[in-house]
Amino acid sequence: MIAIIDYGSGNLRSISNAFRKIGADVQVTSSPESINDSDAFVLPGVGAFGSAMDKLENLRDPIIRNIEDGKPFLGICLGLQVLLSESQESPGVRGLDVIPGRVVRIPPGNKVPHMGWNQLVSRRDSPLLEGVEDEYFYFVHSYHAEPADDVVAATTEYGIEMTAAIEADNVYATQFHPEKSGEAGLDILRNFREIIRG
């Protein structure tokens, strides 16, 4: 079972429906026990970094513990950003700090939010991106991740080169929304299901 974390800041219906469409068993939950009992877990999200971290406070320890235990994790959009240490959007708010780095605003000269379809530029082989390396995916965000470690699996171009996907051991995350990205997005979710199966 894949636990989809409900913390009041996610596109829950779209992501759960997309997983069900590929035949995955999912449960939308805010229960630490359900996260602990799952085979893998997903952190979706839309909204602001600070409010998301406030809502995640009671789930911080279970999320970090399950990641440290090696359970497959998929973050989506804001669910990627909160993995990092901090964000310019919410100064002084600590992220999950699973991946060292910061989240910064898309620089002036680019329309914000970045909303629409962009092509991935593959940086390295990743099981999450198997077969979709050059596809287009749907993005909607005003901030982008700058990880301190070499965890970027793919980038996209939007005036600057921005992180599009991250892989660090059992942690996978996308800035784009696979659940809103048609068949290529479903392929991302299928790949995550295969990662879970080992």
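The values are calculated or read from the model by the stated rules, or taken from the named source; none is laboratory data. Since we're looking at a predicted model, the values are computed, not measured. We place every Cβ from the backbone using ideal geometry, glycine too, and count neighbours over all the protein chains shown.
Please enumerate the residues belonging to the stretch 101-125 that are under 27 Å from Gly47 (Cβ atoms), at pLDDT below 95 and either in a helix (DSSP H, G or I) or of a type in the set (Gly, Ala, Ser) (or both). Result: Gly109, Gly116. Hey, can you tell me all the residues within the stretch 1-28 that are hydroxyl-bearing (Ser, Thr, Tyr), without any contact (Cβ under 8 Å) to a residue 60 or more places away in the chain and in contact with a helix residue (DSSP H, G or I) (Cβ under 7 Å, 6 or more places away or on another chain)? Tyr7, the sole residue that qualifies.
Okay, residues lined up against (1) modelled with pLDDT of 95 or more; (2) within 16 Å of the chain's Cα centre (by Cα); (3) among the hydrophobic types (A, V, I, L, M, F, W, C); (4) surrounded by fewer than 19 Cβ atoms within 10 Å (Cβ to Cβ):
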site	(1), (2), (3), (4)
Ser51	no, no, no, yes
Lys55	no, no, no, yes
Asn58	no, no, no, yes
Lys71	yes, yes, no, no
Gly75	yes, yes, no, no
Leu84	yes, yes, yes, no
Gln88	yes, no, no, yes
Val93	yes, no, yes, yes
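The set of residues in the stretch 58-84 being without any contact (Cβ under 8 Å) to a residue 40 or more places away in the chain, more than 13 Å from Phe41 (Cβ to Cβ) and of a type in the set (S, T, N, Q) consists of Asn58 alone.
The residue that is nearest to Pro108 (Cα to Cα), among those in the stretch 172-189 that are out of contact with any helix residue (DSSP H, G or I) (no Cβ under 6 Å at 6 or more places or on another chain) and buried (at least 20 other Cβ atoms within 10 Å of the Cβ), is Phe176. Against the conditions (1) at negative phi; (2) part of a loop (DSSP other than H, G, I, E, B), Gly131 satisfies every one except (1). Evaluation of Asn110 against the conditions (1) in contact (Cβ under 8 Å) with a residue 24 or more places away in the chain; (2) touching a strand residue (DSSP E or B) at 6+ places or on another chain (Cβ under 9 Å); (3) under 19 Å from Asp169 (Cα atoms) shows that the sole unmet condition is (3).
Of the helices (runs of 4 or more DSSP H) lying entirely inside the stretch 1-98, those containing at least 3 residues that are of a type outside the set (A, V, I, L, M, F, W, C) span 12-21, 32-37, 49-56, 60-68. Against the condition acidic (Asp, Glu), within 24 Å of Leu128 (Cα to Cα) and touching a helix residue (DSSP H, G or I) at 6+ places or on another chain (Cβ under 7 Å), how does Asp69 come out, does it pass? Considered against the rule, which asks whether it is acidic (Asp, Glu), within 24 Å of Leu128 (Cα to Cα) and touching a helix residue (DSSP H, G or I) at 6+ places or on another chain (Cβ under 7 Å), Asp69 comes out as no. The listed residues are Asp134, Asp187, and the only one of them that is farther than 19 Å from Leu43 by Cα and free of Cβ contacts under 8 Å to residues at least 60 places away in the same chain turns out to be Asp134.
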